[in-house]
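> Could you have a look at this structure, given as structure tokens, before my questions?
The values are calculated or read from the model by the stated rules, or taken from the named source; none is laboratory data. Note that the coordinates shown come from a computational prediction; the quantities given were computed from them, not determined experimentally. All Cβ positions, even for glycine, are placed from backbone atoms using ideal geometry, and neighbour counts span all protein chains on display. Protein only, heavy atoms only, side chains kept; ligands, DNA and RNA dropped before computing areas. Shrake-Rupley method; radii C 1.70, N 1.55, O 1.52, S 1.80 Å.
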Amino acid sequence: MNDTTDARREPLPLRALDAATQGLNVAGSALILALMALVGLDVAGRNLFGAPISGVPELVSLSIVAIVFLQIPQALRAGRMTRSEGVLSVLHRRAPRAARALETLFDLAGAAVVGAIVWATWPLFTRALERGEFVGAVGDFTAPTWPVKGIIVLGGTMLILQFLARIARRYAA
């Protein structure tokens, strides 16, 4: 059976989660391309005309955080997160149930840590939205911070859901 057939047999909520996760990943990739173009234009403007684009450093610093939280749920889904599998591979051969339990414990711990990040970021997001917080210098360049804080909340929530989906998939098999 191939991956396409397996994917069609998964429950609709898992397929929807994967589609949404892939959408965030694509948005993160588009942001990377936009950032590359912006930095290229800034360097060209600086070197050719002595006129850099205002706010590029601020946009780059905000965008890096946004890119991470847009793309990390898909990295987890695709199995591209850094981890050591030495103990797990031995456990899978000798005690498969213990290996599954340990992986589940790791996924629950990951979900809890990310949950704490989302929980701590939510008030920062709402405050930034209500108060109109920004980075930059008034009169030169300003950018609101709430979109990035919202992306942290959204991407973190999707990452939690992907941790939980890994557990569901593990025990559905």
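> Going through the range 110-126 one residue at a time, which ones are of a type outside the set (Phe, Trp, Tyr) and either open to solvent by 50 Å² or more (accessible area, probe 1.4 Å) or not in a helix (DSSP H, G or I) (or both)?
Hits for the range 110-126 are 112, 113, 116, 117, 120, 123, 124.
> Pairs only if they're at least six apart or on different chains, beta carbon under 7 angstrom, first in the range 52-78 and under 17 Å from residue 14 (Cα atoms) and part of a helix (DSSP H, G or I), second modelled with pLDDT under 95 and of a type in the set (A, V, I, L, M); list them, first residue then second.
Sorted first by the residue in the range 52-78, then by its partner, the pairs are 75/81.
> Please verify whether residue 88 is over 21 Å from the mean Cα position of the chain (by Cα) and part of a helix (DSSP H, G or I), treating the condition exactly as stated.
Details: over 21 Å from the mean Cα position of the chain (by Cα): yes; part of a helix (DSSP H, G or I): yes.
So residue 88 fits the description; yes.
> Among the listed residues 83, 93, identify the single one that is of a type in the set (D, E, K, R) and part of a loop (DSSP other than H, G, I, E, B).
It is 83.
> Restricting attention to the range 36-43, does a residue exist that is open to solvent by 70 Å² or more (accessible area, probe 1.4 Å) and within 25 Å of residue 150 (Cβ to Cβ)?
Taking every residue of the range 36-43 in turn, at least one turns out to be open to solvent by 70 Å² or more (accessible area, probe 1.4 Å) and within 25 Å of residue 150 (Cβ to Cβ).
> Consider the range 133-167. How many of its residues are closer than 30 Å to residue 97 by Cβ, among the hydrophobic types (A, V, I, L, M, F, W, C) and open to solvent by 50 Å² or more (accessible area, probe 1.4 Å)?
Qualifying residue count, the range 133-167: 2.
> Continuing with the same structure: Condition check: more than 30 Å from residue 154 (Cβ to Cβ), open to solvent by 50 Å² or more (accessible area, probe 1.4 Å) and without any contact (Cβ under 8 Å) to a residue 24 or more places away in the chain. Does residue 97 satisfy that? Steps first, answer last, please.
Values: more than 30 Å from residue 154 (Cβ to Cβ): yes; open to solvent by 50 Å² or more (accessible area, probe 1.4 Å): yes; without any contact (Cβ under 8 Å) to a residue 24 or more places away in the chain: yes.
Judged against the criteria, residue 97 is a match.
> While we're here: Within the range 135-144, is even one residue closer than 21 Å to residue 17 by Cα, touching a Leu at 6+ places or on another chain (Cβ under 8 Å) and touching a residue at least 40 places away in the same chain (Cβ under 8 Å)?
Within the range 135-144, none of the residues are closer than 21 Å to residue 17 by Cα, touching a Leu at 6+ places or on another chain (Cβ under 8 Å) and touching a residue at least 40 places away in the same chain (Cβ under 8 Å).
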